[in-house]
Amino acid sequence: MVATCFENITALQGEKVPLKAHVTSNSVVVGKYPNPNLLEKGTEEAKRFLTGIDDDAGMILVVRDPRDVYLSEHGKEPGQPFTRNLKFWINFAKHAISVEDHPRVLLVKYEDLVNDPDHIQNLIRDKFGLSITKPFSKFHDGLEANPLLTGHNIKELRGVRPPERGRASAWLNASPEQIAYLRDKFDARPPIYVLMNRFGYKGGLPGSETLAIVRKKFTESKNPPP
């Protein structure tokens, strides 16, 4: 969306953090690091990216309800989940919290992006001084013919389509088997419930005894989670 809806954008192919060497005259270079297999490396490079000498560099962090993340289908592997490792989301959430107050970081909730994409686009514009060429709500129009988007990218996206409100909180329509799958994985890593609450993803999972224990622990604590 950023690559196709703002002016003078150069989008890096693959999963790369933009560097000074990538910048050409009058261009804004954008990259990404979503691959869970590259998370630790990506996090460390992102930290150096924000603490380096390039004060015109910025970062957009998109956080999504982990209940939806772990039921989301992998674009290139139909029928397979995007990831099975909860460490991916937990590490990302911790990293997001550690840098969210940085003046060159914008933290965006995925749910806000799909429910009100043009508002989020305006936040990005104002934060980083960009010029809008097309609203996020219309980003899909003519996208298949855009040279910035390859067949590989389209496959990852599972086709070109407008922002879908129904993709937010889709886990609420999950089957009992899917809920049980999530509950078993989440209960095995109790810290995820604290981090979910930190980002406003409340409610846990139906039937989770671990969630009740976590709630009781922090209710009684004088130092509740952030």
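Select from region 109-125 the residues that are over 15 Å from F139 (Cβ atoms) and of a type in the set (A, V, I, L, M) and list them in ascending order. Of everything in region 109-125, just one residue is over 15 Å from F139 (Cβ atoms) and of a type in the set (A, V, I, L, M), namely L123. On the stretch given as region 27-82, residues that are at pLDDT below 65 and among the basic types (K, R) total 1. Helices (runs of 4 or more DSSP H) fully within region 115-198 that include at least 3 residues being at pLDDT 85 or above and surrounded by 14 or more Cβ atoms within 10 Å (Cβ to Cβ): 117-128, 176-187, 191-198.
The values are calculated or read from the model by the stated rules, or taken from the named source; none is laboratory data. As the structure is a prediction and not an experimental result, all values here were calculated from the model. Positions of Cβ are generated from backbone atoms using ideal geometry, with glycine treated the same way; all protein chains shown enter the neighbour counts.
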